[in-house]
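Report on one structure; see the data block that follows.
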Amino acid sequence: MGREKPMIGLSLETPGPDQQGAGVSGGHYVPALTEAGGDVRLLPPAPPSDAMALVSEIDGLCLSGGGDMNPSHYGEALSPLADGIDDARDERELALMRAARGRGIPIFGICRGCQVINVGYGGSLYQDLATEAPFPTRKHNHKADDPDRFHPVRLDASHRVSRAAGAAEVVVNTHHHQAVARLGEGLKVIAWADDGVVEAIAHVEEPVLGVQWHPERLDPPDRWAIELFISMCEAIRAR
């Protein structure tokens, strides 16, 4: 008998010495994905050569938040404002993305994960929004419990994200200092912050979705992006 729930492979930070935080344990991600209807498998920090084997055992790939990507992946020199570079994680998650695309299973990126998706499709990032964006931006790099961490986001009314949210505008949290710059091939922007910063992307053909905010840290009624991802996994499994 097959699994009743889709198995979600969750990619996390590379464990460091004595590191026991949410970045390696699943934190808010595991309960949020579970409550949305998925089962969760924490993907080990395996080498890129293991990506296909890992992906063969899951129904959807979730790329979590964390530090910055190495800009060498989009042809830029490292900014002194970049933070938390983890080359092993970059290579691992890009390999997982390629394997997931090869199988045609849904990919969901949260914060850093959204950026990994964009870079994986050939796009680039602003290494620091406050200093590199060619337009004025609000503060986006709030701490987890900052009372000012929320801001409005406009959704593409023609895309299923607006139907999933049940609104054309939502309020999200913001905990990032990088964001999508040049859009990756085959991707489209489906949500914007009120200052113009890209807040969500999706592939025009493949089951791929990335959000720049952290839905797993929001109240359950506001985790519609996670529920949308789970529904994408269920639809692929039903084919």
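Using packing as a proxy for protection, rank 161-171, 197-207 so that the peptide with the highest average count of other Cβ atoms within 10 Å comes first.
On the way: 161-171: 14.9, 197-207: 19.5.
Highest-to-lowest ranking by the protection proxy: 197-207, 161-171.
A Förster distance of 41 Å, applied to the separation of the beta-carbon atoms of E234 and L78, puts the FRET efficiency at 0.55.
The residues neighbouring E4, those whose beta-carbon lies less than 13 Å from its own, together hold a net charge of 0 under the Lys/Arg +1, Asp/Glu -1 convention.
What value, in deg cm²/dmol to 500, does the helix sum -39500 (n - 2.57) over DSSP H runs of n ≥ 4 give at 222 nm once divided by the residues of the chain?
-7500 deg cm²/dmol
For the ranges 129-136, 141-148, what's the packing order if you count other beta-carbon atoms within 10 Å of each residue, average per peptide, and put the highest first? List each step's numbers first, then the result.
On the way: 129-136: 12.9, 141-148: 11.2.
In descending order of packing, they fall as 129-136, 141-148.
What does the charge count near A193 come to, summing +1 for each Lys or Arg and -1 for each Asp or Glu among other residues with Cβ under 9 Å from its Cβ?
Every neighbour counted, the sum reads -1.
What does a probe at F150 reach in the range 186-200, counting residues whose amide N is under 16 Å from the point 7 Å along Cα→Cβ? Counting backbone N atoms under 16 Å from the label point, the list is 194.
Note on the range 164-239 and the range 38-52: Cα centroid distance 22 Å, given to the nearest whole angstrom. Classify the range 18-109: rounded, prolate or oblate, from the alpha-carbon gyration tensor (a ≥ b ≥ c, eigenvalue square roots; a/c under 1.5 rounded; otherwise prolate if a/b is larger than b/c)? Oblate. First select every other residue whose beta carbon is under 12 angstrom from the beta carbon of Y126; then total the charges, Lys and Arg +1, Asp and Glu -1. Net charge in that neighbourhood comes out at -3. Based on the alpha-carbon gyration tensor of the chain and its eigenvalue square roots a ≥ b ≥ c, which shape applies: rounded if a/c is under 1.5, prolate if not and a/b is larger than b/c, or oblate? Rounded, since a/c falls under 1.5. Distant-in-sequence amide contacts of V40, defined by a placed amide H-H separation under 5 Å and a gap of 5 or more residues or a different chain, comprise I8.
Model label points for A53 and A168, set 7 angstrom from Cα along the Cα-to-Cβ axis, are 5.1 nm apart.
State the extension gain, in nm to one decimal, for the chain segment bounded by A157 and K188, taking 0.36 nm per residue of separation less the distance between their alpha-carbons.
Working: separation 31, 0.36 × 31 = 11.16 nm, distance 1.32 nm.
Gain on extension, A157 to K188, equals 9.8 nm.
Near I85, the amide H atoms lying under 5 Å from its own belong to D68; only residues 5 or more places off or on other chains count, and H is placed 1.01 Å from N.
Quick note: the coordinates plus some simple rules give every number you see, no bench work behind them. Quick caveat: nothing in here was measured; it's all calculated off a predicted structure. Neighbour counts are summed over all protein chains in view; Cβ atoms, including those assigned to glycine, are modelled from backbone coordinates with ideal geometry.
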